[in-house]
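This report concerns only the one structure given below.
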């Protein structure tokens, strides 16, 4: 009972402290993720020993919890991207989630093979785990509101929403090289077909469910005054439906959830038009919220904004819980993370592989030199990498994955610290330069 009481006190104090200090943290070269990571470390084995997760004994549970956190974050990002699909901004997404990520994987694979002497399977697995940027920890980099079309923010946001799913085929190839079979992996052509099916089916399912559920709910509200309230339930239901349906047909479910969020926002954009949803709802008094949900002119804006607010609040809790978990894992293995053989691959990723890949992939785009350089640096690694590490342990076993685990954890810690401390300063300077121009 005493341990439980202490846990309630610690969690409650942390949540209230972060609420009170939110404004201060926003002005300092630090992020909430850094605070949570440090708290997890202090609560772990190297600290007071209150949080000592058994990774091997609870592998599936931890993987599912991390997976659920990513699903919530991907859906929230999708709902933020209120830009027509014809916009050239989406080409930035394709460049970063496609060529940039593939180049990063190639460079990291070569570094792991040559510099670390890893076999092909573990080397590719390490590269695929570290290539995608993180959707959960990129709050400081994300578009500020639905409709924000600032190129740098949009590119980093949409990349974080799409490349966890885009990295999945490379993870599967790596696992196949490690001896873990997957759909179609027995032959190159069948595996290529499985990749095409995985992406295409996920996009169709996510878009179809996102659009279909919104249309049904809006029709029930505006015509029959039913299905009112509980936007949080609708958001969670959409996430679960899209993710589960994609998994059922062997689609890449992360892509499906992101597509569902984008589809929901697309429905709102088509209904509300050029008027920002927040502005459209400005005249609605708090006591008239239910009437706005029934109004054909406001129903889409009300539903999308309410669901997005719910998803964002939920996402903050996810960041809190998962970074505490990662911090406690680091606390149990911190000595293994201090060796140069573990540190240099992370530095190579941050200072060579990611910047070079991003700048080459964005050449000739609507981004200028400063935006390309910032895109190359601000590629945070975190919860997504931790998820794929747990997934690899589950699929390939300890023997294959253990050599790369310290590198993944070191990369997460260094990314949270380096990117977290530099993001606020760099973005402040970037926007000051833009405003001055």
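Values in this text are rule-based calculations from the coordinates and carry no lab data. Remember, it's a predicted structure, so these values are computed and weren't measured experimentally. When we count neighbours, we look across all protein chains shown, and the Cβ atoms used for this are built from the backbone with ideal geometry, even at glycine.
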Original post:
Does anyone have the angle between helix 253-272 and the longest principal axis of the chain? Alpha-carbon axes, 0 to 90°, nearest 10?
Top reply: 20 degrees
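How much length would be gained if the chain were fully extended between residue 85 and residue 181, taking 0.36 nm per residue of separation minus their Cα-Cα distance, in nm to one decimal?
Once the chain is fully extended between residue 85 and residue 181, it gains 30.9 nm.
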**OP:** Could you list the residues of the range 114-132 with an amide nitrogen less than 14 Å from a label point located 7 Å from the Cα of residue 340 in the Cα-to-C-beta direction?
**Re:** 116
**OP:** Tell me the label-point distance for the pair residue 219, residue 200, using the 7 Å Cα-to-Cβ offset, in nm and rounded to one decimal.
**Re:** 2.8 nm
Subject >> At R0 = 45 Å, FRET efficiency that the Cβ-Cβ distance of residue 52 and residue 309 yields, to 0.05 >> reply: 0.80
Subject >> Stretch gain in nm, segment residue 6-residue 370, where the contour uses 0.36 nm per residue and the Cα spacing is subtracted >> reply: 126.3 nm
Original post:
Ranked highest first by average number of other Cβ atoms within 10 Å, how do 305-312, 16-23, 360-367 line up?
Top reply: 305-312, 360-367, 16-23
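Please give the direction-averaged projected area of the C-alpha convex hull for the range 254-388, in square nanometres with one decimal. Walk me through the numbers before you get to the answer.
Numbers: hull surface 48.9 nm².
Across all orientations, the range 254-388 yields a mean hull projection of 12.2 nm².
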**OP:** With everything on Cα atoms, drop me the angle between helix 32-43 and the longest principal axis of the chain, reported from 0 to 90° to the nearest 10.
**Re:** 50 degrees
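For an R0 of 51 angstrom, estimate the FRET efficiency from the Cβ-Cβ distance between residue 356 and residue 295 and round to the nearest 0.05.
Details: r = 51 Å, r/R0 = 1.00.
With R0 = 51 Å, the Cβ-Cβ based efficiency is 0.50.
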Original post:
Roughly how many nanometres apart are two label points built 7 Å out from the Cα toward the Cβ at residue 120 and residue 28?
Top reply: 4.9 nm
**OP:** Rank by packing, highest mean first: peptides 163-170, 369-376, with packing defined as the count of other Cβ atoms within 10 Å averaged across residues.
**Re:** 163-170, 369-376
Subject >> Percent breakdown of C-alpha pair distances by 10 Å bin, ordered from the shortest bin, for the range 31-436 >> reply: 5, 23, 32, 25, 12, 3, 0
Original post:
Build a GNM of the chain with springs between Cα atoms under 10 Å: which of 223, 381, 95 gets the top mean-square fluctuation?
Top reply: 223
**OP:** Which order do the peptides 333-340, 400-407 take when ranked by the mean count of other beta-carbon atoms within 10 Å per residue, highest first?
**Re:** 400-407, 333-340
**OP:** Evaluate E = 1/(1 + (r/R0)^6) for residue 21 and residue 228, where r is the Cβ-Cβ distance and R0 equals 35 Å; express this FRET efficiency to the nearest 0.05.
**Re:** 0.45
